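Participant: Can you keep this structure in mind? I'll have questions shortly.
The values are calculated or read from the model by the stated rules, or taken from the named source; none is laboratory data. Because the structure is predicted, anything quoted here is derived from the model rather than measured. Cβ placement follows ideal geometry from the backbone for every residue including glycine, while neighbour counts extend to all protein chains displayed.
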Amino acid sequence: MNKITIGIPKALLYYKYKDLWISFFENLGCEIIISPNTNKQILEDGIKFSMDESCLAMKIYMGHVYYLIDKCDYILVPRLKCIKKHEKLCTNFSALYDLIHNVFDKNLIHYNLDVDKKEDELYAFTTMGLSLGFSYRKIISAYKEAKEKEKLLNERRISKQKSLIASSNKIKILLAGHPYNLYDEYIGKQIERILEKSNIDIIYSDNYDQKYLETEVKQIAPHNYWTYNKEIIASIVHYQDVVDGIILVTSFPCGPDSLSNEMILRSVKIPITNLVMDEADANTGLLTRVESFIDILEERRKQK
Amino acid sequence: MNAYLGVDIGSISTKGVIIDDSNHILASSYIWTQGNPMKAVKTLMHNLEKQIDKKKIHIIGVGTTGSARKLIGTMLNANVIKNEITAHAVGTLSLYPNVKTIFEIGGQDSKIILIEDGIVVDYAMNTLCAAGTGAFLSSQASRLGVDVEDFGKIALTSKNPTKIAARCTVFAESDLVHKVQMGYQKEDIIAGLCKSVVSNYLNNVGKGKKIKAPIIFQGGVSKNIGVKKAFEEEVGCEVIVDENGHLMGALGVALLAKKSPIKTNFQFSIADDNFETKGIECHKCSNHCEIICVSRNKQLIDAWGNRCSNGDLMNR
């Protein structure tokens with residue numbers, strides 16, 4: 001049998017599940033092709049295939065899918081409705097599969113997650129593996145191994161961040177937001193570059209141990225049901241005592257963020273600023289905002 | 001005598017000051033940018049040069065701020081290039097050490113700066129909306145056939161300001177046209193417009209911020225007495241407009257240049273050099289960055305805009 005090539009768009013949930021996905025398909029012996037970092041071409045293609053009202057991250061995703069077309073046998077486009085009981089994800093994540101299917105009409109992998117309907121991650125990976133023609137036994141062991149690797153890499157990132165917090169005396173900023181915003185070349189990386197030039201230590205909100213998530217999230221938002229936003233909120237609660245300031249990164253116009261950002265901005269006790277990123281290329285406004293935020297933190301340090 | 005030059009170059013106007021070691025303003029100038037920051041700065045230099053005795057005064061520090069700060073900073077070989085929020089705060093604090101809140105409405109953006117114990121603790125800028133900025137007011141003035149400079153005075157004569165939808169420039173404009181066609185008085189509409197600028201500002205930029213007195217109001221729009229009055233009615237206390245309010249950014253960055261350990265040797269003759277900018281698109285990777293190249297007398301002095309080292313024209 002020829003090796004199956006799986007294309008993974010480097011956008012949206014890629015940044016959350018990349019370790020799991022990549023290692024799962026590797027364990028099954030598939031070829032994997034990942035689209036490159038977002039560049040101008042990808043962004044322009046994405047805008048072309050998107051509705052005007054889509055958020056920036058969605059537009060970018062469309063561009064990444066377009067890049068992968070005809071470069072692989074299947075494209076992994078998950079349909080995630082619910083990953084934790086009684087909680088919700090942004091509707092874009094449940095619409096994504098059908099949206100891509102209707103726009104591009106290419107071979108997509110069937111990857112469905114809806115915990116409220118008892119379709120959990122194991123179920124999703126099993127159906128996905130079976131649809132690609134692998135045996136049940138092989139799928140289960142590939143999934144288990146991938147899950148362990150994901151856990152290990154995640155723990156490693158968290159402990160690396162912990163030791164940075166403990167060892168460095170530089171000004172620290174918590175970059176908080178969805179991973180697909182934080183790590184995208186046209187969203188979070190633009191901010192990251194400014195911070196790095198200013199000699200700031202960056203703490204990322206997704207490097208967070210979710211052990212105390214439920215108690216931590218309640219300090220800011222007791223009745224939140226957006227799973228990914230809860231993670232951001234809990235991480236902010238967790239890190240707010242060890243950082244100098246928080247930059248909340250949002251892509252325009254995000255629905256769930258518009259709700260939870262308000263709660264965060266009103267509750268956090270340290271300097272915080274919300275940067276809303278859109279597809280405009282000029283970053284003068286961004287530079288002014290980030291620089292003046294750093295100025296505030298530096299002045300506060302001097303006063304202490 | 002040592003002196004320091006500060007230049008604040010915004011979308012609409014360009015401001016410059018020269019201060020001495022005890023922070024006195026020796027010279028100042030305020031001109032329109034007219035879409036050409038480099039030309040505006042040359043004019044500004046000539047204006048400032050005339051006001052001082054060049055034999056006695058040596059400029060050893062240059063600071064730039066405003067949206068063209070990088071370009072002009074490169075051109076003037078500035079030792080400090082600072083964002084306008086910090087520059088405005090520093091400038092205002094030097095004259096009003098007790099200030100708690102700064103309202104700033106300029107040609108294209110509006111900001112609020114919150115200060116506690118002489119340091120900036122929070123700020124906000126308008127994001128995706130330009131409603132209520134200077135550009136909006138001047139376009140509405142020309143629609144009503146009034147000089148924007150007279151706006152404030154006319155607004156004060158109104159006894160019954162018309163309500164104008166403030167959410168958004170587009171809605172405000174169509175609402176304004178509607179009110180005109182309905183037969184409302186011009187002064188009432190103008191006063192309503194001033195009020196809408198204020199409520200838009202407070203609901204947008206000032207949203208969720210604790211506004212405490214003393215409040216200083218700056219930027220081009222602060223020259224509009226109608227907006228000042230509308231602010232005072234809305235926040236319920238005095239709003240101070242300094243006669244040098246338009247120079248605060250330039251003053252602030254001049255003070256920062258003074259504080260900076262780096263010194264430069266500035267000559268006014270720089271204004272006679274031939275500066276050029278050129279935008280080129282880099283094709284070395286798929287990002288296609290637009291790189292701005294600045295040259296002085298045909299020699300490349302700086303370039304920026306590249307996302308990766310492929311487009312680094314300076315260090316090759």
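Participant: Does the stretch B:110-118 contain any residue that is within 10 Å of chain A (Cβ to nearest Cβ) and within 13 Å of the chain's Cα centre (by Cα)?
Facilitator: Checked against the condition, which is being within 10 Å of chain A (Cβ to nearest Cβ) and within 13 Å of the chain's Cα centre (by Cα), the stretch B:110-118 yields at least one hit.
Participant: Given the condition within 14 Å of chain A (Cβ to nearest Cβ) and at pLDDT below 95, answer yes or no: does some residue in the stretch B:49-63 qualify?
Facilitator: No, because not a single residue in the stretch B:49-63 is within 14 Å of chain A (Cβ to nearest Cβ) and at pLDDT below 95.
Participant: Let me ask something else. For residue A:187, work out the one condition from (1) more than 14 Å from residue A:239 (Cα to Cα); (2) surrounded by fewer than 18 Cβ atoms within 10 Å (Cβ to Cβ); (3) β-branched (Val, Ile, Thr) it doesn't fulfil.
Facilitator: Evaluating residue A:187 over (1) more than 14 Å from residue A:239 (Cα to Cα); (2) surrounded by fewer than 18 Cβ atoms within 10 Å (Cβ to Cβ); (3) β-branched (Val, Ile, Thr) leaves (2) as the failure.
Participant: Out of the residues in the stretch A:258-288 that are assigned to a helix (DSSP H, G or I) and under 27 Å from residue A:41 (Cα atoms), which is modelled with the lowest pLDDT?
Facilitator: A:284
Participant: Looking only at the stretch A:204-236, count every residue that is of a type outside the set (Asp, Glu) and surrounded by fewer than 22 Cβ atoms within 10 Å (Cβ to Cβ) and tell me the total.
Facilitator: The total comes to 17.
Participant: Still on this structure, I have one more. I need the full set of residues from the stretch A:1-29 which are surrounded by 19 or more Cβ atoms within 10 Å (Cβ to Cβ) and part of a loop (DSSP other than H, G, I, E, B), in order please.
Facilitator: A:9, A:10, A:11, A:12, A:13, A:28
Participant: Sticking with this one: Test of understanding: among A:94, A:50, which residue is of a type in the set (S, T, N, Q) and touching a strand residue (DSSP E or B) at 6+ places or on another chain (Cβ under 6 Å)?
Facilitator: A:94
Residue-by-condition table, conditions (1) away from every other protein chain (no Cβ under 14 Å); (2) surrounded by fewer than 18 Cβ atoms within 10 Å (Cβ to Cβ); (3) farther than 27 Å from residue A:133 by Cβ:
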{"position": "A:31", "(1), (2), (3)": "yes, yes, no"}
{"position": "A:38", "(1), (2), (3)": "no, no, yes"}
{"position": "A:63", "(1), (2), (3)": "no, no, yes"}
{"position": "A:75", "(1), (2), (3)": "yes, no, no"}
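Participant: What are the residues in the stretch B:41-81 that are part of a strand (DSSP E or B) and touching a helix residue (DSSP H, G or I) at 6+ places or on another chain (Cβ under 7 Å), if any?
Facilitator: B:61, B:62, B:63, B:64, B:65, B:80, B:81
Participant: Looking at the structure I just gave you, is residue B:44 surrounded by 14 or more Cβ atoms within 10 Å (Cβ to Cβ), modelled with pLDDT of 90 or more and farther than 18 Å from residue B:73 by Cα?
Facilitator: no
Participant: Please go through the stretch A:220-236 and give me each residue that is outside any helix (DSSP H, G or I) and either among the aliphatic types (A, V, I, L, M) or over 20 Å from residue A:80 (Cβ atoms) (or both), ordered by number.
Facilitator: Selection gives A:220, A:221, A:222, A:223.
Participant: I'm trying to understand the selection: among the residues of the stretch B:303-316, which are assigned to a strand (DSSP E or B) and crowded, with 18+ Cβ neighbours inside 10 Å?
Facilitator: Filtering the stretch B:303-316 down to residues assigned to a strand (DSSP E or B) leaves B:303-304.
B:303, the sole residue that qualifies.
Participant: Moving to a separate point now. Please go through the stretch B:22-40 and give me each residue that is within 21 Å of residue B:255 (Cα to Cα) and part of a loop (DSSP other than H, G, I, E, B), ordered by number.
Facilitator: Listed by number, the residues that qualify are B:22, B:23, B:24.
Participant: Follow-up. Taking the stretch B:85-127 only, how many residues are assigned to a loop (DSSP other than H, G, I, E, B) and acidic (Asp, Glu)?
Facilitator: 2
Participant: Can you find, within the stretch B:266-316, the residue that is farthest from residue B:6 (Cα to Cα) among those that are within 14 Å of chain A (Cβ to nearest Cβ) and of a type in the set (D, E, K, R)?
Facilitator: Of everything passing the filter in the stretch B:266-316, B:284 is farthest from residue B:6 (Cα to Cα).
Participant: Follow-up question, since we're still on this one. Quick check: anything in the stretch B:217-225 under 25 Å from residue B:86 (Cβ atoms), within 14 Å of chain A (Cβ to nearest Cβ) and touching a Gly at 6+ places or on another chain (Cβ under 8 Å)?
Facilitator: No, the stretch B:217-225 contains no residue that is under 25 Å from residue B:86 (Cβ atoms), within 14 Å of chain A (Cβ to nearest Cβ) and touching a Gly at 6+ places or on another chain (Cβ under 8 Å).
Participant: Regarding residue A:252, is this residue aromatic (Phe, Trp, Tyr) and at pLDDT below 90?
Facilitator: Spelling it out, residue A:252 is indeed aromatic (Phe, Trp, Tyr) and at pLDDT below 90.
Participant: Separate question: In the stretch A:164-215, which residue that is free of Cβ contacts under 8 Å to residues at least 40 places away in the same chain and among the acidic types (Asp, Glu) is farthest from residue B:82 (Cα to Cα)?
Facilitator: Among those that are free of Cβ contacts under 8 Å to residues at least 40 places away in the same chain and among the acidic types (Asp, Glu), it is A:214.
Participant: Kindly establish whether residue A:88 is under 19 Å from residue A:189 (Cα atoms) and basic (Lys, Arg).
Facilitator: Against the criterion (under 19 Å from residue A:189 (Cα atoms) and basic (Lys, Arg)), residue A:88 does not qualify.
Participant: Still on this structure, I have one more. Say we look at the stretch B:77-90 and pick out the residues that are more than 14 Å from every other protein chain (Cβ to nearest Cβ) and in contact with a Gly (Cβ under 9 Å, 6 or more places away or on another chain); which of these is surrounded by the most Cβ atoms within 10 Å (Cβ to Cβ)?
Facilitator: Residues of the stretch B:77-90 more than 14 Å from every other protein chain (Cβ to nearest Cβ): B:77-79.
Those still in the list that are in contact with a Gly (Cβ under 9 Å, 6 or more places away or on another chain) too: B:78-79.
Values: B:78: 26, B:79: 21.
Once the filter is applied, the top-ranked residue is B:78.
Participant: Oh, and also: Of all residues in the stretch A:245-257 being surrounded by fewer than 22 Cβ atoms within 10 Å (Cβ to Cβ) and in a loop (DSSP other than H, G, I, E, B), which is nearest to the other protein chains (Cβ to nearest Cβ)?
Facilitator: A:252
Participant: Please find, among B:212, B:259, B:263, the residue that is within 14 Å of chain A (Cβ to nearest Cβ) and under 24 Å from residue B:87 (Cα atoms).
Facilitator: B:259
Participant: How many residues are out of contact with any Asp or Glu (no Cβ under 6 Å at 6 or more places or on another chain) and either crowded, with 22+ Cβ neighbours inside 10 Å or free of Cβ contacts under 8 Å to residues at least 60 places away in the same chain (or both) when one looks only at the stretch B:207-227? Step through it out loud before you land on a result.
Facilitator: First, pick out the residues of the stretch B:207-227 that are out of contact with any Asp or Glu (no Cβ under 6 Å at 6 or more places or on another chain): B:207-217, B:220-227.
Filter once more, keeping what is either crowded, with 22+ Cβ neighbours inside 10 Å or free of Cβ contacts under 8 Å to residues at least 60 places away in the same chain (or both): B:208, B:216-217, B:220-222, B:224, B:226-227.
Total meeting the criteria: 9.
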